[in-house]
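Undergrad: Starting off with a structure, shown below.
The values are calculated or read from the model by the stated rules, or taken from the named source; none is laboratory data. As the structure is a computational prediction, the values presented were derived from the model and not from experiment. Every residue, glycine among them, receives a Cβ derived from its backbone with ideal geometry; neighbour counts consider all protein chains shown.
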Amino acid sequence: MALLEVQNLTKDFGGLRANDQISFQVQEGELVGLIGPNGAGKTTLFHCISGHHPVTSGRILFSGEDITGLEAHEVARRGLARTFQVYAATGDLTVQEYVMVGAFMRTGSRAKARAKAQWILGELGLKDRAGRLLTEIPVPAQKLVTMAMAVATEPRMLLLDEVAAGLNPQEVEGVKETIRHIHRDLGVTIILIEHVMALVMDVSHRVIVLDAGRKIAEGLPQEIASDPMVIKAYLGERYGQTEA
Amino acid sequence: MEALRNAFDFSDSPRTDLMVVGILAALLVAFPLVPYSSFAMATMIQFLMFSIYGMGWNTIGGYGGQVDLGKAQYVGIGAYTTAVMLIRWDVPFWVSMPVGMGLAVGWSFVIGYPLFKLKGHYFAIATIATSLVLKDLFEVWDFVGAARGLHISPVKYPPPDFLRLIFREDIYYYYLLLAFFFVGILVINWFRHSRLGFQLRAIRDNEDVAKSLGINVHWAKIKTYALATAFVSAVGSFHAVYIKNIEPEDTMSLDISVLIALMAMLGGAGSLWGPIIGAGILIPLKSYLKEWLGAKAGLIGIDLILYALIIMLVSAVEPKGIWGLLDRLRRGRGR
């Protein structure tokens, strides 16, 4: 049984069809990339899966259970966590407190939540940031913190939305290691939306391509990189020549 | 057990803060030992009452960021419950206060459910409306004395009456309220360390992120609103036995709701000491202005002008109020 199964998912915003009959499966233990041009409907798809948007039609099964129409917090409690692309923090929570909020999903005890947050911050190399305000730390570290918050909820599956956007190549390497660490050592199945090809083609087992709300391709990273439709829609003619 | 430990755990506050707080607490305890005027005593009692109102408001309004401008209705529910039960059935304060809190919390669930479907300004306006509707109802409801209100006659209960809380000297009320005040600080300290407190702060920051961390945003707000209500209602009950004249206008008017929110915002919404700082500044100022300036120069309503100025100043200079300003200075120096 697939851990996540999306069946004919369609999402309309008024007259705009953001997701059109999308179907795919993700097995437990997989690391799947989700790519496509801006406006292809990738983030909308995440919003639908995580319960932040109601779907227009279609079904979403998580671990065999129909989670279509559940509220976002109910989806999260079933072990399906996510991060957000833009997260403008305004509050006065420290990095550790943010991660504790995630940990509080599984425990009511402050001592336990704090111990778990400290452990996760250590795992993701954020220990020295623990006492800082989220707004005070640099963007790459903020991205790691959003991942740490999600991981603190002990998810079975994690949806990562552009965690490497705007980072320099060295920082991308760091994020890549973190994603692999969460996937391999913490045993979390991952779907990641990413524009940074060096990241997504390297870490993904399998890549799904969206364009204009439709799934146009799905396959191994090397297959996707040489797929004429994908090159035309997204990667561009030069991608294959320079990088692949 | 852990809840109790969290309530007494102030270890995340800098030691200098705790020393200042300790000294202020000692001064509050010692205040009646020095010669005082009845005006000063009345002001101090008002200060304590509004501090506790503000602490309650601060849970949902400060930590949760939901600007609630309807807290006065719960002052009214508390005050009327205690007054009605005392006058009609001679029920002591220590019974009527929890009953009032129960009624207020029940009412808060009834209106909280639809209220928290609203966000931002719509929420704030709706809280004003619910409070004013309740006030209007009480003004025509004969059972609670309608617009005439209720009067607790101290002659019927020879003071000092510790069951019904009827005293001749204000000092009794003062110490009783001071005990409430300290309990209130402990409850807020528990709250901000609790799962609910963390969840509310996450909600204020970003509701979508909060949901993705498994937080039932709607329910968390309703629960916190109920907690805030319990604070306000308890002091409302106290108001009844202390003031002894209970009218809808004195307990449930918009002025009171605004003042509660304003104090917490001025002192620092979402911080432990903010509402106390706000009350410590605004209540003496208000009393002074009313007592001298207002009567002498015919400047009735000058306090309202002052509130408006304060709101503008806080939102322009530092949305986190005086406490936020202090915190920013400290962080700036620490770096």
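Undergrad: Considering only segment A:198-240, state which residues are assigned to a strand (DSSP E or B) and of a type in the set (Phe, Trp, Tyr). Give the steps one after another, and end with the answer.
TA: Here is the first cut: in segment A:198-240, the ones assigned to a strand (DSSP E or B) are A:206-211, A:214-219.
None; the set is empty.
Undergrad: Return the residues of segment A:52-64 that are more than 18 Å from the chain's Cα centre (by Cα) and within 14 Å of chain B (Cβ to nearest Cβ); say none if nothing qualifies.
TA: A:54
Undergrad: List the residue pairs whose Cβ atoms are under 8 Å apart, where the first residue sits in segment B:215-235 and is closer than 17 Å to residue B:205 by Cα, the second is part of a helix (DSSP H, G or I) and basic (Lys, Arg), and the two are 6 or more positions apart or on different chains.
TA: What qualifies is B:217/B:211.
Undergrad: Follow-up. Only helices (runs of 4 or more DSSP H) wholly contained in segment B:136-253 count here; list those with 2 or more residues that are among the hydroxyl-bearing types (Ser, Thr, Tyr).
TA: Ranges flagged: B:170-193, B:217-243.
Undergrad: Does segment A:172-201 hold any residues that are surrounded by 15 or more Cβ atoms within 10 Å (Cβ to Cβ) and farther than 22 Å from residue A:142 by Cβ, and which are they?
TA: Answer for segment A:172-201, where residues must be surrounded by 15 or more Cβ atoms within 10 Å (Cβ to Cβ) and farther than 22 Å from residue A:142 by Cβ: A:189, A:197, A:201.
Undergrad: Confirm whether residue A:131 is surrounded by fewer than 20 Cβ atoms within 10 Å (Cβ to Cβ), assigned to a loop (DSSP other than H, G, I, E, B), touching a strand residue (DSSP E or B) at 6+ places or on another chain (Cβ under 7 Å) and within 11 Å of another protein chain (Cβ to nearest Cβ).
TA: yes
Undergrad: On to the next question. Just to verify a result, which residue in segment B:190-241, among those that are at the interface with chain A (Cβ under 7 Å from one of its Cβ atoms) and of a type in the set (Asp, Glu), is surrounded by the most Cβ atoms within 10 Å (Cβ to Cβ)?
TA: My answer is B:205.
Undergrad: If you check residue B:258 against the conditions, is it surrounded by fewer than 20 Cβ atoms within 10 Å (Cβ to Cβ), within 18 Å of residue B:49 (Cβ to Cβ) and of a type in the set (Val, Ile, Thr)?
TA: Working: surrounded by fewer than 20 Cβ atoms within 10 Å (Cβ to Cβ): yes; within 18 Å of residue B:49 (Cβ to Cβ): yes; of a type in the set (Val, Ile, Thr): yes.
It is true that residue B:258 is surrounded by fewer than 20 Cβ atoms within 10 Å (Cβ to Cβ), within 18 Å of residue B:49 (Cβ to Cβ) and of a type in the set (Val, Ile, Thr).
Undergrad: What are the residues in segment B:311-329 that are touching a helix residue (DSSP H, G or I) at 6+ places or on another chain (Cβ under 9 Å) and within 19 Å of residue B:65 (Cβ to Cβ), if any?
TA: Those that are touching a helix residue (DSSP H, G or I) at 6+ places or on another chain (Cβ under 9 Å) and within 19 Å of residue B:65 (Cβ to Cβ): B:311, B:314, B:315, B:317, B:318, B:319, B:320, B:321, B:322, B:323, B:324, B:325.
Undergrad: Residue A:143 passes all but one of (1) surrounded by fewer than 21 Cβ atoms within 10 Å (Cβ to Cβ); (2) in the same structural domain as residue A:104 (by TED's automatic domain parsing); which number fails?
TA: (1)
Undergrad: Any idea which residue in segment A:136-189 is nearest to residue A:4 (Cα to Cα), counting only those that are within 14 Å of another protein chain (Cβ to nearest Cβ) and in a strand (DSSP E or B)?
TA: Per the criteria, the residue is A:157.
Undergrad: Which of (1) more than 10 Å from chain B (Cβ to nearest Cβ); (2) farther than 23 Å from residue A:12 by Cα is the odd one out, the single condition residue A:110 does not satisfy?
TA: (1)
Undergrad: Give me the pairs, please: first residue somewhere in segment B:304-330 and aromatic (Phe, Trp, Tyr), second residue anywhere and part of a helix (DSSP H, G or I) and crowded, with 17+ Cβ neighbours inside 10 Å, beta-carbon distance under 8 Å, and either six or more positions apart or on two chains.
TA: These pairs meet every condition: B:307/B:258; B:307/B:259; B:307/B:262; B:323/B:267; B:323/B:274; B:323/B:277.
Undergrad: Would you mind finding the one in B:42, B:26 that is farther than 30 Å from residue B:223 by Cα and in contact with a Ser or Thr (Cβ under 9 Å, 6 or more places away or on another chain)? Can you show your working first?
TA: On the way: B:26 fails: in contact with a Ser or Thr (Cβ under 9 Å, 6 or more places away or on another chain).
Step by step, each of B:42, B:26 is checked, and only B:42 is farther than 30 Å from residue B:223 by Cα and in contact with a Ser or Thr (Cβ under 9 Å, 6 or more places away or on another chain).
Undergrad: Further question on the same structure: Can you list residue pairs whose Cβ atoms sit under 6 Å apart, with the first residue in segment B:1-28 being within 12 Å of residue B:192 (Cα to Cα) and the second being among the polar types (S, T, N, Q) and surrounded by 10 or more Cβ atoms within 10 Å (Cβ to Cβ)? Count only pairs 6 or more apart in sequence or on different chains.
TA: B:7/B:189
Undergrad: Only one of (1) over 30 Å from residue A:51 (Cβ atoms); (2) touching a Ser or Thr at 6+ places or on another chain (Cβ under 8 Å) fails for residue B:282. Which number is that?
TA: (2)
Undergrad: Residues in segment B:276-283: is at least one touching a residue at least 24 places away in the same chain (Cβ under 8 Å) and either among the aromatic types (Phe, Trp, Tyr) or within 30 Å of residue B:117 (Cβ to Cβ) (or both)?
TA: Yes: one or more hits.
Undergrad: For segment A:214-230: of the residues being modelled with pLDDT of 90 or more and charged (D, E, K, R), which is surrounded by the fewest Cβ atoms within 10 Å (Cβ to Cβ)?
TA: A:223
Undergrad: Answer with yes or no whether residue A:72 is within 18 Å of the chain's Cα centre (by Cα), at pLDDT 95 or above and within 17 Å of residue A:189 (Cβ to Cβ). Please lay out each step first, then the result.
TA: Details: within 18 Å of the chain's Cα centre (by Cα): yes; at pLDDT 95 or above: yes; within 17 Å of residue A:189 (Cβ to Cβ): no.
Answer is no for this residue.
Undergrad: Please tell me if residue B:171 is surrounded by 22 or more Cβ atoms within 10 Å (Cβ to Cβ), in contact (Cβ under 8 Å) with a residue 12 or more places away in the chain and either over 30 Å from residue A:52 (Cα atoms) or over 20 Å from the mean Cα position of the chain (by Cα) (or both).
TA: no
Undergrad: Any residue at all in segment B:47-63 that is over 21 Å from the mean Cα position of the chain (by Cα), surrounded by 12 or more Cβ atoms within 10 Å (Cβ to Cβ), at pLDDT 85 or above and within 30 Å of residue B:290 (Cα to Cα)? Please lay out each step first, then the result.
TA: The initial filter retains those residues of segment B:47-63 that are over 21 Å from the mean Cα position of the chain (by Cα), namely none.
So far as segment B:47-63 goes, no, none of its residues is over 21 Å from the mean Cα position of the chain (by Cα), surrounded by 12 or more Cβ atoms within 10 Å (Cβ to Cβ), at pLDDT 85 or above and within 30 Å of residue B:290 (Cα to Cα).
Undergrad: In the set A:49, A:67, which member is β-branched (Val, Ile, Thr), free of Cβ contacts under 8 Å to residues at least 40 places away in the same chain, within 14 Å of chain B (Cβ to nearest Cβ) and on the phi < 0 side of the Ramachandran plot?
TA: Details: A:49 fails: free of Cβ contacts under 8 Å to residues at least 40 places away in the same chain.
Every option except A:67 fails the conditions.
Undergrad: Something else about it: What single numbered condition from (1) away from every other protein chain (no Cβ under 14 Å); (2) buried (at least 18 other Cβ atoms within 10 Å of the Cβ); (3) modelled with pLDDT of 90 or more fails to hold for residue A:79?
TA: Residue A:79 satisfies every listed condition except (1).
Undergrad: Hey, which of the strands (runs of 3 or more DSSP E) in segment A:19-98, taking only ones fully inside, have at least 3 residues that are among the hydrophobic types (A, V, I, L, M, F, W, C)? If you could, list the steps in order and put the result at the bottom.
TA: On the way: elements: A:31-35, A:57-62, A:80-82.
Once the strands (runs of 3 or more DSSP E) in segment A:19-98 are filtered for at least 3 residues that are among the hydrophobic types (A, V, I, L, M, F, W, C), what remains is A:31-35, A:57-62.
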